[in-house]
Amino acid sequence: MSEKNGAAPAKPDLGALREEIKQTRAELGQTVQALAARADVKARAKDQVELTKQRVREQAALATGRLRAVAGQATATVKDAAGQATASVKDAAGQTAAVSGELAHDAGVRARTSPIPPALIVAGLAAVVGIILIVRGRR
């Protein structure tokens, strides 16, 4: 334990030793706190619950955004389909009106030239109009 030149080792400075002890105590305190935190199961469980809540909130926000986007697209699709259906019904109504007008004209001509009683013609026209309305109502 002597140095190579034969001199006795120098005594450490008392202030330096105290600083080293102070630093060691601080490090030990941090280590003890870290170990205590790991050993505190209740606190760790609460932390995990909070993390899980946060993840669920984020996922819910993402799902809500996706649903809103899909709902917007679905709304546009339904509006387009409704517009097409409306146009289809209008076209069918126009055609029905034209056909019923022709039928009425033809019925008038037949009534004048045919020996069939007018009451029978009116009943036939009522049946045709009823059928047209039923078919139109189903669309």
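Given the rule -39500 (n - 2.57) for each run of at least 4 DSSP H residues, summed and divided by the residues of the chain, what is its mean residue ellipticity at 222 nm, to the nearest 500 deg cm²/dmol? Numbers along the way, then the final one.
Numbers: 3 runs with 120 residues, N = 139.
Rounded to the nearest 500, it is -32000 deg cm²/dmol.
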If the viscosity is 1.567 mPa s and the temperature 4 °C, what Stokes-Einstein diffusion coefficient in µm²/s follows for the stretch 14-138 when Rh is the Kirkwood radius over Cα pairs? 55
Cα axis of helix 118-138 to longest principal axis of the chain: angle in degrees, 0 to 90, nearest 10? 10
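Every number in this text was worked out from the coordinates using simple rules, so none of it is lab data. Everything quoted here is computed from the prediction, not taken from an experiment.
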